[in-house]
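The values are calculated or read from the model by the stated rules, or taken from the named source; none is laboratory data. Given the structure is predicted, the values throughout are model-derived calculations rather than measurements. Note that each Cβ is placed from the backbone with ideal geometry, even for glycine, and that neighbours are counted across all protein chains shown. Accessible surface areas use protein heavy atoms only, side chains included; no ligands, DNA or RNA. Shrake-Rupley method; radii C 1.70, N 1.55, O 1.52, S 1.80 Å.
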Amino acid sequence: MFNVAVYSPHGSFVIRISSFVISRINYGAMPQSRQRKVYLETFGCQMNQLDSQLVSSQLRALGYHFTDQRDDADVILFNTCSVREQAENKVYSRLGELRDKLPGLVIGVLGCMAERDGADMVRRMPHIDVLCGPGELDKVPALIDNAVKTRSHQIALQGNTHRRSGTLSAAEDQLELLDLSRSLSPDDHSGSAYVRITRGCNKFCTYCVVPFTRGAEVHRPPDHIVDECKKLADAGVIEITLLGQTVNHYVYDHGASISVGGVRQPQVGPGGAAFKQRDAYLAGRHVTTFAQLLRRIHEEVPAIKRLRFVTSYPRDFGDDVLEVMADSPRICKYLHVPAQSGSDRVLKLMNREYTAAEYCAFVDRVRKYLPGVMLASDFIVGFPTETDEDFEKTSELMRYCRFKNSFIFKYSPRPGTVAIDRFEDDVPEEAKRYRNNHLLAVQSEISKAIHESMVGRTVDVLVEGASSHEQKGMRDLGNRGIRESTPGSKVELGWEKPAATRTVTQLSGRTEGDLIVIFDAAGSGEELVGRIVPVTIHSAKPLTLFGELAEQAAGV
Ligand code: 5AD
Ligand code: SF4
């Protein structure tokens, strides 16, 4: 028997578990936090990338250092994703490699997998020292410290308790303090940063684990969001991407706002009903809507040259948002709006609450307000009972909407979701694979035409860094030492090589419409990173534009 410390919204307590093996774990060699080196690897979505940045900013403030080399670390953290089984398998394989860990090493699993698997994960893999759900990330430093000092497993999860309370405002929302305490130095970014506007999700699409791992949808006070944008602009950021699972559902009710300890608290979102009867909901209330939030940031933080937001939900997307986008030169004409399927029958089973015709009408409306807008989407193929006919409707919707790119996923049954309980995963793997490839081919044709239409034009590109051709599968997230996992693993940033030996570096960046542009720069090109530069496009592939700096193209 031994002790496991558990931190929950009901306070902390210790449980005794009998089956753990701890003899291999020896914390004696662990240095003080000032000298500890952390390796943090991030899986999954932008929300996870932001969480990793906040955790690392917290640990840095306490004196931790970060390393790119797992073997060099005293603390190994995986910030995990549960959306598909494949994402979880990757983490399990990393954890498997660490089974015979060196004495003194602390291993932590953060994020959605920790929340979903809970203590089961530690039971199966007792070499994990720290488990921390996405709603408890402010506790990471304490968990690491306690793991070192008490030699017991440290677990901080929300469980389902946070869904039961009507409002988060009753208690101080510690996670809000984590966002508020964010520090970013000019060296920590490449001109771009994420800002969270909502956390969690209330949609309950039947296939999706997010409402269970990230909890109820919570909306941050608009002043906090605007102040964070100002702080980031002061640190040299010129592009901000606002993050939320369904950003267009953002609404903050000032009349219901509560402060705890002088800090205004986030609010649980009003849910879909408020949008179905929008006028009735808004009548007599003093609120900040998503459109008003966008306008405030655009007007109050003009140093932000590009303002984007992900992810939008295809319903409840008001004309007011489109009007603000059309009026505001610094709001990118780009929307990521997952369609998921083109079959009304499948959309209903997914609980998406719109039809394919409604989705297409939404796209028509967007194009009317924002000519030249770039759209991106997500699709799931092989959802239970999906027939060839259903799938053909998905291809039709894709052809109609002409997305600049789409993320296509094979349905993956997720424990805890409605779909896994209600529907058999009955589409054979072979059919899923065929539909996945077929849809990719349809998208590729559309992407190719869109990208080719850019050839000859000069576009503004926000330079992100050395192109992935040079980086071989890794993107620098600004904070060195934090890694975003993509296929491949070799890390090699272009400007880390001695500048003298490099005459030309291939740089990569994005247009306002989120098209990827690759071009050559003299020397290391480091001085262009984080800046917006004009690039003349000379050729295109389905997902990439190639060009040269406009002054070079003009022979200046
Ligand atoms: N299986 C496959 N894809 C999924 N997604 C979410 N849950 C699942 C699942 N169980 C996809 C959706 C979503 C994206 C982030 O991941 O397309 O938009
Ligand atoms: Fe998941 Fe649906 Fe919420 Fe997106 S809107 S996070 S797919 S439940």
Inset, instruction - Could you pull out the residue among D316, D279, D320 that is under 26 Å from the mean Cα position of the chain (by Cα), within 24 Å of N202 (Cα to Cα) and modelled with pLDDT under 95? - result: D316
Inset, instruction - Could you list, in sequence order, all residues of segment 377-406 that are in a strand (DSSP E or B) and either more than 29 Å from S447 (Cα to Cα) or out of contact with any Pro (no Cβ under 8 Å at 6 or more places or on another chain) (or both)? - result: I380, V381, N405, S406
Legend entry - Any pair with Cβ under 8 angstrom, 6 or more apart, that starts in segment 322-338 at a residue that is under 17 Å from I238 (Cα atoms) and open to solvent by 50 Å² or more (accessible area, probe 1.4 Å) and ends at one that is away from ligand 1 (no atom under 16 Å from the Cβ) and modelled with pLDDT of 95 or more: R330/H298; R330/P302; R330/I304; R330/K305; R330/R306; R330/L307
Inset, instruction - Would you check if A142 is modelled with pLDDT of 95 or more and not in a strand (DSSP E or B)? - result: yes
Inset, instruction - Tell me which residues, restricted to segment 222-246, are open to solvent by less than 10 Å² (accessible area, probe 1.4 Å), within 14 Å of ligand 2 (Cβ to nearest atom) and part of a loop (DSSP other than H, G, I, E, B). - result: G244, T246
Inset, instruction - Looking at (1) hydrophobic (A, V, I, L, M, F, W, C); (2) surrounded by fewer than 23 Cβ atoms within 10 Å (Cβ to Cβ); (3) out of contact with any Cys (no Cβ under 7 Å at 6 or more places or on another chain), find the lone condition where L307 falls short. - result: (3)
Legend entry - Which listed residue is closer than 24 Å to Q53 by Cβ and modelled with pLDDT of 90 or more, from L515, L462, L477: L462
Inset, instruction - Would you confirm whether any residue within segment 201-221 is buried (at least 22 other Cβ atoms within 10 Å of the Cβ), under 17 Å from K305 (Cα atoms) and away from ligand 2 (no atom under 11 Å from the Cβ)? - result: no
Inset, instruction - Name the single residue, out of those in segment 358-408 being surrounded by fewer than 18 Cβ atoms within 10 Å (Cβ to Cβ) and under 20 Å from the mean Cα position of the chain (by Cα), that is farthest from ligand 2 (Cβ to nearest atom). - result: F407
Inset, instruction - Looking for whichever is small (G, A, S) and either under 20 Å from S152 (Cβ atoms) or buried (at least 16 other Cβ atoms within 10 Å of the Cβ) (or both) here; the options are G118, G63, G96. Which one fits? - result: G118
